[in-house]
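The block underneath contains the structure these notes are about, expressed in structure tokens.
The values are calculated or read from the model by the stated rules, or taken from the named source; none is laboratory data. The model shown is predicted, which means the values in this text are computed figures rather than measured ones. Every residue, glycine as well, gets a Cβ built from its backbone with ideal geometry; the counts of neighbours run over all protein chains shown. Areas reflect the complete protein model, heavy atoms only, side chains present, ligands, DNA and RNA absent. Shrake-Rupley method; radii C 1.70, N 1.55, O 1.52, S 1.80 Å.
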Amino acid sequence: MSALEKSMHLGRLPSRPPLPGSGGSQSGAKMRMGPGRKRDFSPVPWSQYFESMEDVEVENETGKDTFRVYKSGSEGPVLLLLHGGGHSALSWAVFTAAIISRVQCRIVALDLRGHGETKVRNSEDLSAETMAKDVGNVVEAMYGDLPPPIMLIGHSMGGAIAVHTASSNLVPSLLGLCMIDVVEGTAMDALNSMQNFLRGRPKTFKSLENAIEWSVKSGQIRNLESARVSMVGQVKQCEGITSPEGSKSIVEGIIEEEEEDEEGSESVNKRKKEDDMETKKDHPYTWRIELAKTEKYWDGWFRGLSNLFLSCPIPKLLLLAGVDRLDKDLTIGQMQGKFQMQVLPQCGHAVHEDAPDKVAEAVATFLIRHRFAEPIGGFQCLKTDAPKGTQLSEIPSRVLPTKENCTGDETTSGHHAQTITIVSPICGPFLRTIHCS
């Protein structure tokens, strides 16, 4: 299996086709529909998941840029959500409904530049530095000099931008950081094959329903509920096509013009225009952003990401679709307790879309354990055998001490501490003092 198939780290397709019943609880019921029942691929509006929408104006040297944000919640910390490459803020829709029902928080899901409904003067500048500054500018435009406590949560490319934003101190009230399925090592390996992958995607779709159906059946999004709201932010109508009748008349005009002059290269050019217009007429939807043209920025998104993530002096959470995605630096950092990690198996790359309930539980547990937010609706934190920051796949759960079987001394914080030997396939054996739950 290639590194691309294992990671798909730019908000693209996961490695395998969708599995019946995989992902979150929302997707399972829809994917297990009986014979004779047709699945509904019609689009769903953002208003079913978010409470409001706002276009935030940011002034700069060249004028004003407008960033689309979707919001929910009225109190508690702000969870600022950054989507993956090619996706939009709508990819967080189902997750938003799930997290709002578990903890007291506010949601701000942002369309990054060049994506979704955000309008900027230079939409082709997708450098990590520029997009990180965008995040800081949006926070300042929304909250002024006294922003509320903010936790950055990013998926794939958005995870990388979240780390760059945090490491540059562009959000003064930052209290936490979460990356979803983005790791420097596997991301860098995947870049070599990314152009081939992008060429294999459909360039156009006949309708929004067709785009949604493709995303589910291809495995890009394994949760039909999320796909119905998320894909609306990924595709747009082809330029110059307002209606089937309008596009037909344009094509006919090109055909008539070609009949008058069929000599030389002019005829070839007109025939090409005719073919292009026919394609747009039959397939009026295309991707909002041409990801292949962003290649020059890919290296800057991911190179050095692991060390940047580890150096951020705030509580950190890493959510992965598989432990095979973990690179050496993060493996060592995780063993040293520098961040919390949770693996959500049976998900594709779009973890927060495939399993929104599980991601919401993990984030809610993180917020509550760090006392960043209060639980609501009787939500209970996830219980694990491993203490904070020690969810290591190579350590059997029976080896990790709990409060009941710990032989160490009780600390001033009410936890128990014990030193154990951990054997890592990368680092070899070393001693580690851990605190039991």
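With a 1.4 Å probe and every protein chain kept in, tell me what percent of the accessible surface of the stretch 49-172 is carbon plus sulfur. Intermediate values should be presented prior to the final figure.
Numbers: 1740 of 4250 Å².
Carbon with sulfur: 41 percent of the solvent-accessible area.
³J(HN,Hα) across the stretch 297-310 via Karplus (A = 6.51, B = -1.76, C = 1.60, θ = phi - 60°), whole Hz, x for Gly/Pro?
Along the stretch 297-310, the couplings run 9, 4, 4, x, 5, 10, 5, x, 5, 4, 5, 4, 4, 5 Hz.
Is there a pair in 203/358; 38/236; 206/296; 316/358; 71/203 whose C-alpha atoms are over 23 Å apart, and which pairs would that be?
203/358; 38/236; 206/296; 71/203
Compute the distance from the alpha-carbon center of the stretch 118-136 to that of the stretch 69-91, in whole Å.
So the two Cα centres are separated by 17 Å.
What residues qualify as long-range amide H neighbours of residue 79, i.e. H under 5 Å apart, gap of 5 or more or another chain, H built at 1.01 Å from N?
When sequence neighbours closer than 5 places are left aside, the close amide H contacts are 106, 107, 108, 151.
With label points built 7 Å along Cα→Cβ from the Cα atoms of residue 48 and residue 192, find their separation and express it in nm.
Here the answer is 4.3 nm between the modelled labels.
Where a ≥ b ≥ c are the square roots of the eigenvalues of the C-alpha gyration tensor, would you call the stretch 314-363 rounded, which needs a/c under 1.5, or, failing that, prolate if a/b is larger than b/c, or oblate?
oblate
Calculate, for the stretch 66-197, the solvent-accessible area per residue in square angstrom, rolling a 1.4 angstrom probe over the heavy atoms of the protein chains.
It amounts to 29 Å² per residue over the stretch 66-197.
What residues have an amide H closer than 5 Å to that of residue 235, excluding those fewer than 5 places away on the same chain, when H is modeled at 1.01 Å from N in the peptide plane?
Close amide H contacts, sequence-distant or interchain: 288.
If you keep only loop residues by DSSP, which trypsin sites (Lys or Arg not before Pro) in the stretch 189-222 have at most 15 other Cβ atoms within 10 Å of their Cβ? Could the numbers behind the result be given before it?
On the way: sites: 199, 203, 206, 217, 222; in loops: 203, 206, 222.
Hits after loop and neighbour filter: 203, 206.
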